[in-house]
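In what follows, a single structure is set out as structure tokens and then discussed.
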Amino acid sequence: MTDRTKGRRDFLAGAASSLLAAPLLARASRAGAADAPAPEAPSLESPLRAADYRRVTFCDPFWAPRLRANRETTVPHLFRKLREVGAVGNLERAAAGQKGGHEGYVFADSDVHKALEAAALCLGSGSDARIAAEVDALVPVLARAQQPDGYLDSAYQLDDKPRFTNLRDDHELYCAGHLVEAGVALFEATGRRDLLDVARRTADLVERTFGDGPGRRPGYPGHPELELALVRLSGATGDPRYLRLARYFVEHRGEGFFAVEHRTPPGEYDGTYWQDDARIRDHQVIAGHAVRALYLFSGALDVARETGDRSLQAAAERIWTNAVERRMFVTGGLGSSAHNEGFTDDYDLPTYDAYQETCASIAFVLLNERLFRLTGDSRYADVVEWTLHNAVAAGVSLSGDRFFYVNPLASRGGHHRRDWYRCACCPPNVARTFASLGRHAFATSADDVYVNLYAAGAADLDVGKGKLRLELRGDYPWDGRVLITVADSTAGELALRLRKPGWCGGPVAVRVNGAPQAPPSERGYLVVRRAFRGGDTVELDLPMPVRRIEGHPYVEQTAGRVALGRGPIVYCVEQRDVDSPVAGLRLPAAAGLRAERDPALGGAAVLRGPALAAEVDAATPLYGVGPPATRAVSLAAVPYAVWDNREPGAMRVWLPTG
Ligand SMILES: [Zn+2]
């Protein structure tokens, strides 16, 4: 082992940030070459299928209450607010042929489309008269607002702006993307085609307008999204033109089109913000606006999956590695700076000023979910779990009607969720993510069932040669014991692949029908292979000690501090739970912490134990010599995902250890 390697291994073994460390260790050991950089995971011959979210149900203590609030509160709230702020009115007035007075940002239509997608996904999981009524009311409005050639964008129609003249800033193609996603979602959820027809007419117009065929013009979306939507539409309709257009957008980005569009002299143009600084295969790091970057590479992976283009996958894996090793917050979110709503430099991960837009966290889940389906590698499913349980879940209150757009890792007491934002991208994005959560829980191939989330519930899954029903029991994520029952199976022999989470450093006890087993590990999964029959059980015991997570030595903002984690959950300290100012808390290395369930937080596991508080009075100098005097206090740390659900106050994820 070389010195360089030893240093790396010490960091990996020593860092409690085992979300990252454990997958990387697993990657090296899987490759059987701990002394050399591990190769990227090879692609599967046939990409995995995500579970049908409509056939996955949750009855666990973490997600089930959130999904209920999403359906009963969040989705109706979205439509109420979209009417209040004029976003629905924009479309109604366009439908009535009126002119002038567009309300809100130029991309306000996209918020309506995303709310419609969330509503459609809810209807896919079960009937709901109130949500169905919203869909019934809005779809005809969109159909009437659409112009005969397929154009639909109320900002341009009301204000009579010449279409497709500012692709860089004006989001027409972004709005088209969310319209297409809503149309496909409603079609897949309910079989109704009216919104799909609207979406398809818009997609056809875009397809006739852009590209390199006869009569078409160059260009690509200023804000990627349509790329993902077109691949989805191609899958739903079987029409390859949409996939070809998605590929065109992905592959031509980086030509500097926005400089031409805005007559920016080449020497003065920096396209980084729009990922227009390099061709898709040439990006070395993840940079620019976070949501744009992550949607772009998610779209590139969709194209890669449909075309078998490994070079697109390799580019996405490269920027993923940069993200998780140098640019990801401990909560699994991305985007260090408000300045560009995006990335800055490696290891620049602020706490009070962490931007971590909720949409960026959702987009990171989309990217990881796609990488997982291409590779079957648990590293990506690990990030999906981590980001969902921390950065994404924090984006909405437990009540379902208050939202974070920006998600800092520390607050002096002034940062709170709001019931709406003028830029309202995040609330409907959370709603559509929660409404389709089941697709992240399981995946299948011809002979394999992957279990990625261990939340209690049930899933009906299609495996290549039959069907399988799994029922999960337990209190995950507050407890690591999981009981999986194969309630029914016509699938014959198959491999049940149980993700060994990256945060899980210790051995995982596995019992099949009560008998201890030592299943082999492949790509981070424990593989139980047998001809399952109805009633067979698989029990897992995932050790969940409290962990002290340390940042990389180059992350200045976390030096001398630890974050607390247990299972897939990252914790924070809120002012209401401690009787001295959060800013003066210290967590000594010897302080033992225990997990206790708290009924006031929906039964969440809260960490309790001793800590120290700095003794501060009016005479304490701003700059002194030596450590401050301290006194013993009791600490309670709550999941970051549930902070700001009680009395407002200061909050901190990273605690000084000195
Ligand atoms: Zn957002």
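Throughout, read-outs are computed from the coordinates displayed, never taken from laboratory work. If you're wondering where the values come from, they're calculated on a predicted model, not measured in any experiment. Note: ideal-geometry Cβ built from the backbone for every residue, glycine included; neighbour counts use all protein chains shown.
Things worth noting here:
- Estimated FRET transfer efficiency (His339, Leu483; beta-carbon r; R0 56 Å; 0.05): 0.70
- Relative contact order computed over the chain (Cα-Cα under 8 Å; 6+ residues apart), in percent: 14
- Over the chain, DSSP H runs of length four or greater, each weighted -39,500 (n - 2.57), average out per residue to a 222 nm ellipticity of -11000 deg cm²/dmol.
- For the pair Ser311 and Ala591, label points projected 7 Å from Cα toward Cβ lie 5.3 nm apart.
- Highest average packing first - 195-208, 425-438, Cβ atoms within 10 Å: 425-438, 195-208
- Distance from the range 230-268 to the range 555-615 (C-alpha centre basis), Å: 46
- Compared with the dominant Cα axis of the chain, that is its longest principal axis, helix 18-31 is turned about 80°.
- Among 236-248, 63-75, 440-452, sorting by the average number of other beta carbon atoms lying within 10 angstrom of each residue, highest first, gives 440-452, 63-75, 236-248.
- Relative contact order of the range 317-358: 37 percent, from C-alpha pairs under 8 Å at least 6 residues apart in sequence.
- The range 467-488 and the range 333-371 have Cα centres lying 32 Å from one another.
- Folded to 0 to 90 degrees: helix 310-322 orientation relative to the chain principal axis, Cα: 40
- Which of Ala456, Tyr242, Val384, positive extreme of dipole for the chain (C-beta unit charges): Ala456
- Simple Cβ-charge dipole of the chain, Lys/Arg +1 and Asp/Glu -1, about Cα centre, in debye nearest 20: 1220
- Under the criterion of Cα pairs below 8 Å and six or more residues apart, the relative contact order for the range 117-269 equals 23 percent.
- The chain: Cα Rg divided by the 2.2 N^0.38 Å rule of thumb: 0.96
- Global geometry of the range 126-204, whether rounded, prolate or oblate, following the gyration tensor of its Cα atoms and the 1.5 cut on a/c: prolate
- Overall, the anisotropy analysis places the range 381-540 in the prolate class: the square-rooted eigenvalues a ≥ b ≥ c of its C-alpha gyration tensor yield a/c not less than 1.5, with a/b exceeding b/c.
- Relative frequency of Cα-Cα separations exceeding 14 Å in the range 411-455, percent: 68
- Whole-number D in µm² s⁻¹ for the range 523-645, Kirkwood Cα-pair radius fed into Stokes-Einstein, 37 °C, 0.692 mPa s: 187
- Packing order of peptides 140-148, 181-189, 381-389, highest average first: 381-389, 181-189, 140-148 (average count of other Cβ atoms within 10 Å over each peptide's residues).
- Dipole in debye (nearest 20) - the range 220-294, about Cα centre, beta carbon charges: Lys, Arg +1; Asp, Glu -1: 320
- Taking the longest Cα principal axis of the chain as reference, the axis of helix 226-237 is set at about 70 degrees.
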